[in-house]
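First comes the structure, then the notes that go with it.
The values are calculated or read from the model by the stated rules, or taken from the named source; none is laboratory data. Bear in mind that the values here come from a model prediction, so they are computed numbers and not experimental data. Glycine also receives a Cβ, built like all others from the backbone with ideal geometry; neighbour counts cover every protein chain displayed. For accessibility, only protein heavy atoms count, side chains too; no ligands or nucleic acids. Shrake-Rupley method; radii C 1.70, N 1.55, O 1.52, S 1.80 Å.
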Amino acid sequence: MTEIPVIPAPLEAERRPGEPFVIGPGLRIVAGPEPDAVSTAILVAGRVGEAVGTPVAVVEEDDGSAGVIVLRLTADRTDVGLPADVDPRLADEAYRLEVSTERVVVTALAGAGLFRGVITLQQSSRPSGGGLYEVPPVHVVDHPRFSWRGLSVDLARHFFDLEQLRSVVDLMASYKLNVLHLHLTDDQGWRLEIPSRPELTAVSGTTAVGGDPGGWLTGQDYAAIVTHAASRFITVVPEIDIPGHVNAALHAYGELTPSGEPTREYTGTDVGFSRLHVDLPGTAPFLRDVLGDVAAMTPGAHVHIGGDEVLTMDAEEYRRLVHLAMAEVDAAGKVVVGWQEVATALVPDGAPADAAAPVVVQYWDEREGADDVTRAALAGADVLLSPASKVYLDMRYDASTPLGLDWAGHIEVRDSYEWEPLDVLPGVPRERVVGVEAAVWTETIRTSDDLFFLLLPRLAAVAEVAWSAPGRRGWESFAARVPAHVPRWETAGLVWYRSPQIDW
Ligand code: ACM
């Protein structure tokens, strides 16, 4: 029996003998009464209904009849095959999927697990003609390896709107990713309306790299993407990049510059030249207003404060600005995330970090030593892995790729697949590694086609690195499973890269 073409590879998946389960008219979804089960059931019913061309009913009563997909919540971890020692942060996404000729049962401890299980069901199905789909009998028990499986999207260099972001979220959901990190501010533009600081978008929302059109998310747009993501059990982490990468802010508010004059707009792609000034009276109120508003708009637990590539500031001023921002995020009840440079502010001169507040340090720049990140982790910081040479998906695939950058090298699909997260920073205790996040920076990316061409198939590869148990992964197996995903990408209108490493 052939492998089911599921990506990321599940922990345990066994084909069972028997005729396939048929998805077609008359199918019903059984779920409830829990709201999370019902919301997932409604989403699934909509999808299946669209695929088979007739509405699919959601009912609460399971009368034991055939032709149903049952979404069942349980409080018993053994029902989903979870060993007792599994990190509790992973339990919500665990699921068991049983497909027989007569019925499908997805069992989970929480709505997130039901949703992940339905994705596995969807990827196991194939068209069988006449508008029907079939799923071979299978038994799957699965949970993620890491609790943070993210994608960071740079909206600042070029803007991507609500509709485009919805497509990104849908793609992420199809690979069981669970964090959408939005890089909302940079030198070239400010992409989120801030109620207390309206000039940020009024003045700096319209600019972008190369003089291209800008744009921004209104508060309503932001709420809409947060909701769309949440219904797929994806959390949005907003990033306000300080104390560098701030020209858009300085262009909108002259009080943030020593002269009191706003800077000019910036549409180039250099980094590291713009900065806040800790001693200006406007700086602390700015951080308080912006971070307070962003935290208030964000239901998720985390706010990202950037902190990267500040090339024109001494270490002490950097430390003070990072601590000011951290204090505001903390006061707003959120957990701070920062690029790896913030570790230098957490661990001055090798002294232990202030372990009082939790913080997530995001490692990206392999050109720099990681001693500060390791020290921060030893002092209690969590570490998120975004090694640029593996997961910066704006890097070109090879020298002939028509767009993208290459400062971290060329990244073919296999490069983004074949690496072991726990080997990246050997000094960091494994329990401090919260997960893996891919990133896509948009200096050269203008359209959805550009974006998806760089994401596919590499995002699927990174998703498997982040979700699947090491013993369940292997390049040959991955490469054999990917081609079955192409029809789904194409149905969704997504452009993809035909890597020569895969036999399509
Ligand atoms: C980064 O790539 N500057 C975080």
Within the range 358-372, identify whether any single residue is assigned to a loop (DSSP other than H, G, I, E, B), open to solvent by less than 40 Å² (accessible area, probe 1.4 Å), within 13 Å of the ligand (Cβ to nearest atom) and over 21 Å from Arg149 (Cα atoms), and answer yes or no. no
Boolean, Glu341 is within 13 Å of the ligand (Cβ to nearest atom) and at pLDDT below 95: no
Count of residues meeting criterion [within 24 Å of Leu393 (Cβ to Cβ) and crowded, with 23+ Cβ neighbours inside 10 Å] in the range 121-144: 1
Which residues, counting only those in the range 297-309, are in contact with a Leu (Cβ under 9 Å, 6 or more places away or on another chain), within 16 Å of the ligand (Cβ to nearest atom) and open to solvent by 10 Å² or more (accessible area, probe 1.4 Å)? none
In the range 195-216, is there at least one residue being touching a residue at least 60 places away in the same chain (Cβ under 8 Å), within 16 Å of the ligand (Cβ to nearest atom), in the same structural domain as Glu316 (by TED's automatic domain parsing) and not polar (S, T, N, Q)? yes
Which residue pairs have Cβ atoms under 6 Å apart, sit 6 or more places apart or on different chains, and have a first residue in the range 51-75 that is over 14 Å from Gly24 (Cα atoms) and outside the structural domain of Leu97 (by TED's automatic domain parsing) and a second that is among the small types (Gly, Ala, Ser) and not in a loop (DSSP other than H, G, I, E, B)? none
With respect to Val294, determine if the residue is of a type outside the set (Lys, Arg), open to solvent by 50 Å² or more (accessible area, probe 1.4 Å) and either under 23 Å from Val169 (Cβ atoms) or under 27 Å from the mean Cα position of the chain (by Cα) (or both). no
From the residues in the range 378-392 that are within 16 Å of the ligand (Cβ to nearest atom) and part of a strand (DSSP E or B), which one is farthest from Thr269 (Cα to Cα)? Val383
On the given criteria, is Arg375 open to solvent by 30 Å² or more (accessible area, probe 1.4 Å), over 18 Å from the mean Cα position of the chain (by Cα) and within 12 Å of the ligand (Cβ to nearest atom)? no
When the residues of the range 234-259 are narrowed to those that are open to solvent by 40 Å² or more (accessible area, probe 1.4 Å) and not in a helix (DSSP H, G or I), which ends up nearest to Gly111 (Cα to Cα)? Thr235
Taking the range 431-474 as the region of interest, how many residues are open to solvent by 10 Å² or more (accessible area, probe 1.4 Å), among the polar types (S, T, N, Q) and away from the ligand (no atom under 16 Å from the Cβ)? 2
Kindly provide the set of residues from the range 27-50 that are surrounded by 13 or more Cβ atoms within 10 Å (Cβ to Cβ) and assigned to a loop (DSSP other than H, G, I, E, B), ordered by number. Leu27, Gly32, Glu34
Among the numbered criteria (1) open to solvent by less than 50 Å² (accessible area, probe 1.4 Å); (2) within 16 Å of the ligand (Cβ to nearest atom), which single criterion is violated by Thr269? (1)
Tell me whether the range 393-411 contains one or more residues that are in contact (Cβ under 8 Å) with a residue 24 or more places away in the chain, touching a helix residue (DSSP H, G or I) at 6+ places or on another chain (Cβ under 9 Å) and not in a loop (DSSP other than H, G, I, E, B). no
